[in-house]
Amino acid sequence: MKRIVLACVAALVLLVAQTSFAQVQLGIRGGGNWGFVSKPAFLGSLTPTLYPSAGPTGAIFLDIPLSDRVSFRPEAAYIQKGFVVKQSLDVNLGGFSLPIGARMAYQSKNIDVPLLLKVNLSDGPVQPYLIAGPSVGYALDGRIRTRATALFSTQPYDVDLNYGGMLNRWDVSAVGGLGLSMDAGAGKFFIEGRYTHGFTRQVQVPIVNVDVRNRGIAASIGYSFPIGY
């Protein structure tokens, strides 16, 4: 996995070195990611419903033209992945129904390196575009945050995750999305939505194939501007 990352970085450096810096755009984006995971099919109804977990995402990137409509867009991104489990029941207290429940959120803080192709769908001051490509991610750390609810919510209780062993830090995924950019001064302002589909099993258990893979839907806004001469 480390060799893949190093090879991608080397290819990026070579490409940038061969491209006129007057054409390259440097950009930044930020927004939210709604992470969730695939549910192992063999568990069926034995596990509770898994809900999306909202968290921040942001990135810096280069936009390197390859043709009039196509550019290469490598990113260095931060993204929070995970999912939420909610359980509840009603307790009858002398004719008064008291809902009691718990909310458990799995949250991991990740550095991802998407290597995307961007295709502009039209010319002009406003440009819709498509993005797609692979991404390699690494979990820096993570936690399970639990909160109980009744008439009021308790303070959250956090348990740090121990990566290595059963929990996998690495994540290889595919990214696809739509965006809309518009001229703003010397650069471009844009809004963007994307979907991330993970291919790496996040839980490694001997004998049993636990098919838990990351998914995510993100929305962000950003700005890019030309660098170089």
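The values are calculated or read from the model by the stated rules, or taken from the named source; none is laboratory data. Being a predicted model, the structure only gives us computed values, none of them experimental. FYI the Cβ positions are ideal-geometry reconstructions off the backbone, even for glycines, and counts take in every protein chain you see.
Tell me which residues, restricted to segment 101-136, are closer than 26 Å to residue 181 by Cα and small (Gly, Ala, Ser).
Scanning segment 101-136 gives 122, 124, 132, 133, 135.
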Exercise for the section: Evaluate the following for residue 180: is it closer than 14 Å to residue 213 by Cα and out of contact with any Ser or Thr (no Cβ under 7 Å at 6 or more places or on another chain)? Expected result: no
Problem - Selection within segment 144-200 - among the β-branched types (Val, Ile, Thr) and outside any strand (DSSP E or B) - result: 154, 200
Handout entry: Criterion (modelled with pLDDT of 95 or more, at negative phi and over 12 Å from the mean Cα position of the chain (by Cα)) met by exactly one of 100, 131, 111
Key = 131
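Checking the structure you have, find out if any residue of segment 146-155 is aliphatic (A, V, I, L, M) and either within 22 Å of the chain's Cα centre (by Cα) or closer than 24 Å to residue 62 by Cβ (or both).
No, segment 146-155 contains no residue that is aliphatic (A, V, I, L, M) and either within 22 Å of the chain's Cα centre (by Cα) or closer than 24 Å to residue 62 by Cβ (or both).
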Fill in the blank from the handout: residue 209 meets each of (1) surrounded by 15 or more Cβ atoms within 10 Å (Cβ to Cβ); (2) among the polar types (S, T, N, Q); (3) at pLDDT below 90 with one exception, condition (1)
